[in-house]
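The values are calculated or read from the model by the stated rules, or taken from the named source; none is laboratory data. No experiment lies behind these values; they were computed from the predicted model shown. Don't worry about glycine lacking a Cβ; one is built from the backbone with ideal geometry, like all the others, and counts go over all protein chains shown. We work out accessible area using only protein heavy atoms, side chains counted, and drop any ligands, DNA or RNA first. Shrake-Rupley method; radii C 1.70, N 1.55, O 1.52, S 1.80 Å.
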Amino acid sequence: LPIIGLGKAAGIGPPPHVQMAQLARIYGEVMQVRMGRDPWIVLSSPRAVHEAFVTKGGDFGGRPMVPSMSISSGGGKGFARPQPNPELKQLRRTAFTALFDPLRVRRSEEAFADETALLAEYLVGESERNGSAEIRPAVRRAVINCVLRYAFSTRIPHRAGEIEIVPSGNSDRNLSQGYFDELVHVTDKIWARLTSTQTTMADLLATPDVNSYELRRLVRRRDQIIREIVAHRQRQRRKDGDTHLR
């Protein structure tokens, strides 16, 4: 069995990210390693990442479809696909011209800065109350909130009592916020599945994962919640529009 990735399960060697950094110092910022049954290209510097994903983005637009990635991405129906194709190019073109247009991104900078300040405030508060703070889940919640604020003008507090920001003009607040609460809860569970040692072993060895049923169930629920949020917003927008016309 390969040490990288699977060594964590057997308690052999340093954590994968530490081992990758050690290998990069020997073999350089771009190297190929074999993890499980497949070769992987590892980029270990901002310069290498920029060259691959920006300068040569067309050549490196695909994403590995390991079993868990295939499940979480709906079989490669979104941005994560094994190989770039015309449909993916059109999806990206639409995203960067409509969803991520420069004006909308600039308008969101204040919300992103605010979310960063709330993250720092939460981590300091947790450290003062408990002597330490779990950084990774807090950062993940901050990233999720950035997405929620950008797409839906709402967020989920790090802890009870924190200031909530809810969509303006949304009279059905409880129903709408309930969707987001469950969406974040389900997303956290999906992340826990994707990052578990058992899932990593199944991905690298391409073996059936006995827990894939649960991951599929969570992904189906996540997608259903997102569709319900969009449908709810569309109904609310039509209702507000009708009220405005009257």
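When the residues of the stretch 60-76 are filtered to those that are closer than 17 Å to LEU215 by Cα and free of Cβ contacts under 8 Å to residues at least 40 places away in the same chain, which remaining residue is surrounded by the fewest Cβ atoms within 10 Å (Cβ to Cβ)? Top of the filtered list is GLY75. Looking only at helices (runs of 4 or more DSSP H) that lie completely in the stretch 54-151, which have at least 1 residues being at pLDDT 90 or above, farther than 29 Å from ARG193 by Cβ and out of contact with any His (no Cβ under 9 Å at 6 or more places or on another chain)? Those helices (runs of 4 or more DSSP H) span 102-130.
Residues that are free of Cβ contacts under 8 Å to residues at least 24 places away in the same chain and open to solvent by less than 70 Å² (accessible area, probe 1.4 Å) within the stretch 100-110 comprise ASP101, VAL105, listed in sequence order.
For first residues located in the stretch 211-239 and outside any helix (DSSP H, G or I), partners that are polar (S, T, N, Q) and open to solvent by 50 Å² or more (accessible area, probe 1.4 Å) and lie 6+ apart or on another chain with Cβ distances below 7 Å form the pairs ASN211/GLN198. Of everything in the stretch 23-59 that is out of contact with any Leu (no Cβ under 9 Å at 6 or more places or on another chain), under 20 Å from LEU204 (Cβ atoms) and in contact (Cβ under 8 Å) with a residue 24 or more places away in the chain, the residue that is surrounded by the fewest Cβ atoms within 10 Å (Cβ to Cβ) is ARG34.
Residues in the stretch 41-68 that are more than 19 Å from ARG92 (Cα to Cα) and touching an Asp or Glu at 6+ places or on another chain (Cβ under 8 Å): LEU43, SER44, SER45, ARG47, ALA48, VAL66, PRO67, SER68.
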